[in-house]
1. Gain in length, Y144 to K65, computed as 0.36 nm per residue apart minus the alpha-carbon separation, to one decimal in nm?
2. In nm, what is the difference between 0.36 nm times the number of residues separating T75 and L4 and their Cα-Cα distance?
3. Assuming a ≥ b ≥ c are the square roots of the Cα gyration tensor eigenvalues, decide whether the range 26-93 counts as rounded (a/c under 1.5), prolate (otherwise, with a/b larger than b/c) or oblate.
4. Going by Cα centres, the range 49-91 and the range 1-33 are how many Å apart?
Amino acid sequence: MNPLSVVVRTICDVFAWFIGIFGIYIIIHGHLTPGGGFQGGAVVATMMAFLLVSYGGKKTLSFAKTGLLSAMETTGLLVFIGAGLLGITSTLFFNFLAGQGGIFGAAVPIGPNSGVLNSAGTISVMNMAVGLEVIGGLSLIILYMFKGIRLFDNASESGETGHDR
């Protein structure tokens, strides 16, 4: 896949940052608004597809490291499982951070949703973990699918036929 025109790449340079920031916003505000870790992670992974289409495969594969994306996926999964197991003294996935103070456990204000980010306890931690896992997983799927398309194109150019012919 070759890079597209300068106009497309320039638009990608501008809007890719907005896509990434919007996805992170959805992940962080997942306990306050519709959305959450999965939806925000899917939006950020869409940025990878956007870069792949506009810049082509060589440039995207040069900076998108599958090892880093796999590490992001694994870290998200381990943090999610760890947050679920830390409250096991009461129940699995017990929200032990809620109302405790500190970075994730502020008291929930009375009244309508005031948008206090640190008021959800372990729900925020789990949203961020799921977001990290989905970013890594969907980005890996996009990259591996692209690599598979390249391998299929190379095989068809060499005169090979598929198993169904």
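None of the figures in this text is laboratory data; all of them are computed from the coordinates on show. Computed from a predicted structure; not experimentally measured.
1. 27.3 nm
2. Working: separation 71, 0.36 × 71 = 25.56 nm, distance 3.41 nm.
Additional length available on full extension: 22.1 nm.
3. It comes out oblate by the Cα gyration axes.
4. 17
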